[in-house]
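Each remark here refers to the structure printed beneath this line.
No lab work stands behind these numbers, since they all come straight from the coordinates. Bear in mind the structure is a predicted one, so any value in this text is a computation, not a measurement. Backbone-built Cβ (ideal geometry, glycine too); neighbour counts: all protein chains shown.
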Amino acid sequence: PAAAQQEVISWALRRRWLFLSAVPSALLLAVTTHITTDVVAIPLLWVIPLALYLLTLAIVFTKRPTISHALMMELQPFCVIAALLTMNVLGGIRVTILGGIAIAAFFTTTMVAHRRLADLRPSAAHLTQFYIFMSLGGVLGGAFVALIAPVVFNSIIEYPAVLLLGLLTRPLKPARTRLDLYVPAFIALVVLGTDFVFDIYGFAEPYTLAILVLFVLGTVSAGTASVRLVLLAVAAILFSVVSVQQADMPQNVHQVRSFFGVHKVRESADGLQRQLLHGTTVHGMQSLIDGEETKPLLYYDADAGGGRVITALSQAGRLSRVGAIGLGAGALSCYAQPGQDWTFFEIDSHVISMSTGDGLFTLMSRCAPGATIVEGDGRLTLAKQENDTFDLLVLDAFSSDAIPLHLLTREALALYRQKLSADGVLLLHISNRFLDPEPAIATLAKDAGLAVKVFDFIPTDPSDKTKTGSTWVAMSADMAFLENLVPLAATDNAVNAWRGPRFQPDFPVWTDTYSNVLAILR
């Protein structure tokens, strides 16, 4: 007790408490945002990082931690560098691998930080202020990611930034030998030099091999070198990766971050097309070639399912009123014909601005200048429309990694039928990298007694980047119309043809009170 009373708590120690508690808290929110935005958005997925965060606290503050601190110290650099390298470069690998790497980097970094925090806790006489500063650090870290970052940054840059800060939670020790100083600096120079040489000569595969070699060298040296110098080497690797990505990527014309994620507008390297991206998902493209500005591209190509249905309805004289949930770049509007009434429902004001107000995309102004745009949640705003309003209702809200499940329920389908005419058609664009909602949609249609046809479009020319493979679902009470869609694909190959939906036995009907997104995970 006497020793505890003589213990002096310095402000330097209090600042360490703040830092060591702020970094894991910030990383908790940052990794959750990264996974649900750039990897895959699944309801309740945020429970995994939160559970691991709480688990690390339970482990480090026990008398005998069940996980070795030395093991976490060894694994952390590997996991952090792997997370940085796969942040965008390996976007094509499976979602489980990407998510697993991000979670591993989060867990090891949080374990290291919380263990140091536990080691620095004072005697019982000063525990009150220890927990106060620990809580305050958690609040500051969370506030930075949740409140400051979305306003200050136009991309989710806080995730790699906090990962790098996580390396500073390791015990700072001076370099023991000159080799400890030279190795990280040498790695940084080689990475930047490799980037420079490969950029000049246009090598791609050697660059990937070199990054993997340097990754091994960097993580091996992390066990002995100064933390600050290891951080420098990791930052150099990250800078090199990002610089190569920027060199290979089309030109960034515009970027904005909203509550719904990061929106980017890019032009192709030859300046002939302009794309709209939400996170890593393309939501539309416009040609910048004179005379082709109004040509529907990508998923909306005339040979894809959506274009075929709209064309068939127009040719049959059955298309006068059209509603579409999801605006994107406005490509669907280029199917509008004189005398038709088009209404778009879009939840994100930034998307509306990019497609209509600031001239980034001119599809709407050229093709359907008189179209109505209703801002708000698609289902809620559609419910305010009069019944029997639309001949065609297009749901184009499922191509993103985060699909709105409330648009795929029994109650939602009943609403669509109310707003459609008796022989109206419901058209759904369900192309998705990670989710396959077709079984859920097929079950809903069967439950409602509706006819369903599915069109899988695969471009015949893989080199044509203006066309993208897509899956469209047409649903209607008018079974004869859907059956007549089949001859429209008679001249195509076996892939580009209408087919029946894939039913899964015993797949439950989704309702407003029950849905299971894990059941449609690819």
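Remark: region 108-120, residue by residue, has Karplus-estimated 3J(HN,Hα) of 5, 5, 5, 5, 4, 5, 5, 5, 5, 4, 5, 5, 9 Hz, where x stands for each Gly or Pro and the curve is 6.51 cos²θ - 1.76 cosθ + 1.60 at θ = phi - 60°. Working note: Karplus 6.51/-1.76/1.60 with θ = phi - 60° gives region 446-462 the couplings 5, 5, 8, x, 9, 7, 9, 9, 10, 10, 9, 9, 10, x, 6, 10, x Hz, where Gly and Pro are set to x.
Note on region 336-476: with charges restricted to the Cβ of Lys and Arg (+1) and Asp and Glu (-1), its dipole about the Cα centre is near 160 debye.
Positive-end ranking of 314, 298, 335 along the dipole of region 292-449, with charges on Cβ about the Cα centre, is headed by 314. Stretching residue 54 away from residue 423 to a fully extended chain increases their span by 127.4 nm, per 0.36 nm per residue minus the current alpha-carbon distance. Ordering 106-116, 47-57, 314-324 by mean Cβ neighbour count within 10 Å, with the highest value first, yields 106-116, 314-324, 47-57.
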